[in-house]
Amino acid sequence: MKKAFLTLAFVIAVGISSMFAPPPADPPGGDGGGDPIGNPAGVPIDGGLGFLAAAGIAYAGKKLNDKRKAKNND
């Protein structure tokens, strides 16, 4: 059951992250147009930070739950 839950959570996380993926970039060389200064496009780190925060919260909750169960068994 636990393995099925983790697999389902992984599939959902990958599915959600692919929904927010940026569109594919133009091939190198292109048509010669574009920004003459050459400013690079920004890197989208917003979604990754959200997943990292969610994973940290889930891990902390698991640790707290394990600690509570160990305290009740003693």
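How far apart, in nm, are the 7 Å Cα→Cβ label points at F51 and D66?
Once both label points are built, they end up 2.3 nm from each other.
Gain in length, N73 to F5, computed as 0.36 nm per residue apart minus the alpha-carbon separation, to one decimal in nm?
On the way: separation 68, 0.36 × 68 = 24.48 nm, distance 2.59 nm.
Full extension from N73 to F5 adds 21.9 nm.
Read-outs throughout are calculated quantities, based only on the coordinates presented, and are distinct from any laboratory measurement. Model, not experiment: these values are computed from the prediction. No Cβ is skipped: glycine too gets one built from the backbone with ideal geometry, and neighbour counts run over all protein chains shown.
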